[in-house]
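Below: one structure, written as structure tokens.
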Amino acid sequence: MNESGIQPGFYAAPGSRTGIFSWIFSTDHKRIGLLYLFSIFSFFAVGVCFGLLMRLELIAPGRTIVGPSTYNAFFTLHGVIMIFLFVIPGIPVSLGNFFMPLQIGARDVAFPRINLLSWWFYITGGLLALLSLFTGHGPPDTGWTFYAPYSIRTGTNVVLAVSAAFVLGMSSILTGLNFITTIHRMRAPGMTWFRMPLFVWSVYATAWVQILATPILGITLLLVIIERLFGVGFFDPAKGGDPILYQHLFWTYSHPAVYIMILPAMGVVTEIIPVFSRRTVFGYKAIAFSSMAIASVGYFVWGHHMFTSGMSDVARVVFSFITFIVAIPSGVKVFNWVASMYKGSIRVDAPLLFVLAFIFLFSIGGLTGLILGALATNIQVHGTYFVVGHFHYVIFGGAVFAFFGGLHYWFPKITGRMYNEKRARLAWLFLFIGFNALYFPMFILGWEGMPRRYYDYLPKFQPLNVVSTVGSWIVATGLILLFANLLRSARKGAAAGPNPWGGTTLEWQTSSPPPHENFGEIPVITQGPYIYNPSKGKGHGTA
Amino acid sequence: MNPGKTEQLKTENKNGEMTYILAWAMLVALTAITVGVYTLHLGTAGVAIALVIASLKAGVILLFFMHLRQESRFLQSVFLLPVFLLGAIIGLTFIDVWYR
Ligand code: HEM
Ligand SMILES: [Cu+2]
């Protein structure tokens with residue numbers, strides 16, 4: 001115990017290694033979770049810088065700070081970093097690693113060493129991606145989608161970048177494997193499937209997508225490498241290949257991958273709402289099953305990215321139809337969340353603010369997704385800024401806002417200290433306003449026909465582009481405020497105690513920060529989570 | 001919650017050496033057939049035959065070397081999941097290829 005009265009918990013765990021080695025060779029799921037948290041947010045910072053540079057270039061038509069080929073490298077790196085190095089590992093590897101074992105009453109994940117190995121794969125992939133910037137004939141310029149035949153023909157360093165994504169995929173598969181096994185085998189006595197917290201359900205559904213979809217990306221990228229190095233004609237029509245086949249293979253992975261990004265975020269939201277409304281989740285099973293439904297139907301909609309590719313009409317109609325079906329379980333969740341708050345005793349702290357922003361922004365992202373999923377309207381907005389607006393609303397406004405909510409919610413558990421609430425709200429306000437200024441104009445610009453992935457645009461588009469660029473500065477300010485507050489509070493914050501929010505799931509029943517191996521004695525579970533009715537006990541805690 | 005190690009060991013012991021040798025012989029024989037069929041130059045039918053034989057070989061490896069035969073119903077059905085998924089994904093891709 002130190003002067004502030006906070007137990008060091010697992011930070012002082014006995015081990016043979018010290019300093020940085022006690023982290024990068026640790027098999028403790030909590031340390032690996034934090035290792036990942038720092039790693040992915042470091043890459044996030046780099047990705048944000050590229051985003052800001054792009055917005056700066058787009059503040060005026062014509063060349064502003066960079067020319068066309070540099071701009072092409074910018075959006076490729078921005079996309080590759082944000083997708084493969086930040087948001088796909090994202091919540092599962094960081095908050096999931098830290099909290100899933102705690103929430104099911106386990107001492108660690110099923111395969112602690114594979115857990116560490118997955119981090120090493122991740123870092124190797126990240127370094128390969130960085131290496132691709134400075135070696136070969138310039139950084140890749142294909143966009144994060146590596147579409148053939150351009151990715152086959154361009155002289156830039158595609159092979160290295162693609163290998164990086166391949167290694168990152170292996171990391172993702174290992175995490176999925178580990179989490180599924182952990183959830184099947186390591187639950188505390190009495191923790192039946194329907195007594196699991198819904199965050200665990202969401203991580204579980206995500207893990208299945210990681211295992212079953214990622215190999216398809218691996219094979220596809222391997223084929224690109226083989227075609228580039230050995231000239232085998234898989235995708236380039238000049239060699240007898242089929243470029244649409246590339247798109248099929250790529251999106252067969254990459255659409256399910258958007259559920260790798262959003263499902264865990266939905267899980268975080270589902271944890272925060274009952275705690276801050278003091279009410280049981282409305283429709284526990286509906287939320288659990290909708291996660292599984294999203295994960296499974298999500299495999300069959302990839303063609304909605306290919307409506308203008310020259311795919312057959314039958315396929316276009318079928319994919320458009322299935323896309324509308326997959327929107328249903330997402331809608332179920334939104335209604336359940338709102339219903340969970342109804343007549344609750346709501347306490348609006350920073351975690352809930354991020355959750356409310358999530359529901360608002362994700363709904364806009366989801367509904368514009370239906371505009372894109374409808375065959376006819378898609379033709380109008382395909383390849384425009386409408387798409388850029390749509391996916392930032394879903395990924396940034398959805399997944400990343402929920403991530404921030406989760407970071408604040410679990411911050412006292414991770415560090416044993418409380419963050420500064422006032423500064424957190426200020427950061428939230430900047431982010432929320434800045435976000436909408438940054439991305440909402442993109443819907444209008446796209447609707448009016450401004451294409452994505454160009455460093456230039458027609459002069460008539462300038463006013464809204466200026467709004468968007470100013471928005472990017474407000475977002476950047478919000479991000480700095482947010483991280484400065486969290487980093488400062490991690491050292492200086494007041495002691496938080498084991499359960500500052502009055503949460504009912506198991507992570508709140510152990511000390512903050514949790515001890516090595518999480519629990520003195522493994523708890524026995526006798527009822528579901530989220531029970532706030534005093535006559536019915538207090539959730540997992542009272543067993 | 002843990003089915004216990006003893007049960008697992010019991011099932012492993014049931015696999016005598018002979019099982020592995022037979023499985024291996026089967027793989028070699030199937031490989032020989034694949035090569036043989038290739039020399040006949042059957043065109044599309046040749047591809048179909050090669051794919052069927054490859055699936056049979058994968059099946060032998062799964063059942064005997066990877067012990068899927070002795071696993072619980074649950075694990076066996078978990079294995080079928082990706083098989084169905086792959087079938088569905090390939091099927092959906094073909095509604096493009098066939099009608100293009
Ligand atoms: C301050 C934050 C951000 C800014 C200013 C920003 C800005 C942009 C802009 C302007 C584009 C369009 C480039 C073009 O088509 O010419 C873009 C594309 C993209 N952004 Fe962001 N973004 C930010 C955050 C994020 C986040 C958090 C993610 C995901 C987690 C993300 C993922 C992507 C992806 C995947 C693309 C597509 C890249 C491509 O076309 O290959 N962005 N971003
Ligand atoms: Cu999609």
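The values are calculated or read from the model by the stated rules, or taken from the named source; none is laboratory data. The model shown is predicted, which means the values in this text are computed figures rather than measured ones. All Cβ positions, glycine included, derive from the backbone under ideal geometry; neighbour counts span all protein chains shown.
Determine whether the range A:168-186 contains at least one residue that is surrounded by 24 or more Cβ atoms within 10 Å (Cβ to Cβ), within 14 Å of chain B (Cβ to nearest Cβ), away from ligand 1 (no atom under 16 Å from the Cβ) and in a loop (DSSP other than H, G, I, E, B). No, the range A:168-186 contains no residue that is surrounded by 24 or more Cβ atoms within 10 Å (Cβ to Cβ), within 14 Å of chain B (Cβ to nearest Cβ), away from ligand 1 (no atom under 16 Å from the Cβ) and in a loop (DSSP other than H, G, I, E, B). Residues of the range B:64-78 being more than 14 Å from chain A (Cβ to nearest Cβ) and either surrounded by 14 or more Cβ atoms within 10 Å (Cβ to Cβ) or closer than 14 Å to B:L22 by Cα (or both), which ones? Of everything in the range B:64-78, those that are more than 14 Å from chain A (Cβ to nearest Cβ) and either surrounded by 14 or more Cβ atoms within 10 Å (Cβ to Cβ) or closer than 14 Å to B:L22 by Cα (or both) turn out to be B:F64, B:F65, B:H67, B:L68, B:Q70, B:Q76. Would you point out which residue out of A:V275, A:V314 is modelled with pLDDT of 90 or more and more than 11 Å from chain B (Cβ to nearest Cβ)? Result of the check over A:V275, A:V314: A:V275.
Within the range A:169-205, restricting attention to residues that are under 15 Å from the mean Cα position of the chain (by Cα) and among the hydrophobic types (A, V, I, L, M, F, W, C), which residue is nearest to A:V275 (Cα to Cα)? Filtering first and then ranking leaves A:F199. The residue that is nearest to the other protein chains (Cβ to nearest Cβ), among those in the range A:243-257 that are more than 16 Å from ligand 1 (Cβ to nearest atom) and either among the hydroxyl-bearing types (S, T, Y) or under 15 Å from A:R153 (Cβ atoms) (or both), is A:T252. Before we move on, is A:W508 under 30 Å from A:M196 (Cα atoms), more than 16 Å from ligand 2 (Cβ to nearest atom), aromatic (F, W, Y) and outside any loop (DSSP other than H, G, I, E, B)? Here the answer is yes, as A:W508 does meet what is asked. Inside the range A:295-309, can you point out the residues that are within 11 Å of another protein chain (Cβ to nearest Cβ) and of a type in the set (S, T, N, Q)? Across the range A:295-309, the qualifying residues are A:S296, A:S309. A single entry from A:S69, A:S94 fulfils the requirement of being within 26 Å of A:L174 (Cα to Cα) and polar (S, T, N, Q): A:S94. Note on the range A:248-279: residues that are outside any helix (DSSP H, G or I) and hydroxyl-bearing (S, T, Y) amount to 0. The residues of the range A:286-310 that are β-branched (V, I, T) and within 16 Å of ligand 1 (Cβ to nearest atom) amount to a single one, A:T308. For the range A:317-347, residues that are crowded, with 18+ Cβ neighbours inside 10 Å and free of Cβ contacts under 8 Å to residues at least 24 places away in the same chain total 2.
Per-residue answers, yes or no, for (1) surrounded by fewer than 16 Cβ atoms within 10 Å (Cβ to Cβ); (2) within 23 Å of A:I88 (Cβ to Cβ); (3) in contact with a Ser or Thr (Cβ under 7 Å, 6 or more places away or on another chain):
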site: A:H29; (1), (2), (3): no, yes, no
site: A:G33; (1), (2), (3): no, yes, yes
site: A:F38; (1), (2), (3): yes, yes, no
site: A:F44; (1), (2), (3): no, yes, no
site: A:L56; (1), (2), (3): yes, no, yes
site: A:P61; (1), (2), (3): yes, no, no
site: A:V66; (1), (2), (3): no, no, no
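If the condition is being surrounded by fewer than 21 Cβ atoms within 10 Å (Cβ to Cβ) and more than 19 Å from A:L249 (Cα to Cα), then the range A:290-316 contributes A:M292, A:A293. Between A:I225, A:I262, A:I219, A:I211, the distinction of being crowded, with 22+ Cβ neighbours inside 10 Å and either within 14 Å of ligand 2 (Cβ to nearest atom) or aliphatic (A, V, I, L, M) (or both) belongs to A:I262 only.
Of all the residues in the range A:234-256, those that are farther than 20 Å from B:D96 by Cα and touching a Gly at 6+ places or on another chain (Cβ under 9 Å) number 1. Filtering the range A:273-327 to residues that are in contact with a Gly (Cβ under 6 Å, 6 or more places away or on another chain) and more than 14 Å from ligand 2 (Cβ to nearest atom) leaves A:V275, A:S277, A:R278, A:R279, A:A315.
Looking at the range B:10-100, the helices (runs of 4 or more DSSP H) lying wholly inside it that each contain 3 or more residues that are more than 30 Å from A:S312 (Cα to Cα) and aliphatic (A, V, I, L, M) sit at B:17-39, B:44-60. Screening the candidates A:G79, A:G51 for the property of being away from chain B (no Cβ under 14 Å), within 16 Å of ligand 2 (Cβ to nearest atom) and not hydrophobic (A, V, I, L, M, F, W, C) yields one hit, A:G79.
Conditions (1) within 27 Å of A:A161 (Cα to Cα); (2) surrounded by fewer than 24 Cβ atoms within 10 Å (Cβ to Cβ), marked per residue:
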site: A:F84; (1), (2): yes, no
site: A:P101; (1), (2): no, no
site: A:R107; (1), (2): no, yes
site: A:P112; (1), (2): no, yes
site: A:W119; (1), (2): yes, no
site: A:I123; (1), (2): yes, yes
site: A:L130; (1), (2): yes, yes
site: A:F134; (1), (2): yes, yes
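Scan the range A:278-289 and give yes if some residue there is under 16 Å from A:T377 (Cα atoms), surrounded by fewer than 17 Cβ atoms within 10 Å (Cβ to Cβ) and either away from chain B (no Cβ under 14 Å) or touching a Pro at 6+ places or on another chain (Cβ under 9 Å) (or both), otherwise no. No, the range A:278-289 contains no residue that is under 16 Å from A:T377 (Cα atoms), surrounded by fewer than 17 Cβ atoms within 10 Å (Cβ to Cβ) and either away from chain B (no Cβ under 14 Å) or touching a Pro at 6+ places or on another chain (Cβ under 9 Å) (or both).
Checked against (1) over 20 Å from A:L198 (Cβ atoms); (2) within 16 Å of ligand 2 (Cβ to nearest atom); (3) in contact with a Ser or Thr (Cβ under 8 Å, 6 or more places away or on another chain), A:S330 meets all criteria but (1). Restricting attention to the range A:318-354, the residues that are over 17 Å from A:I371 (Cβ atoms) and within 14 Å of chain B (Cβ to nearest Cβ) total 1.
The rows are residues; the columns are (1) exposed (fewer than 12 other Cβ atoms within 10 Å of the Cβ); (2) under 30 Å from A:I180 (Cβ atoms); (3) among the hydroxyl-bearing types (S, T, Y); (4) modelled with pLDDT under 90.
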site: B:T34; (1), (2), (3), (4): no, no, yes, no
site: B:Y38; (1), (2), (3), (4): no, no, yes, yes
site: B:G43; (1), (2), (3), (4): yes, no, no, yes
site: B:L62; (1), (2), (3), (4): no, yes, no, no
site: B:L80; (1), (2), (3), (4): yes, yes, no, yes
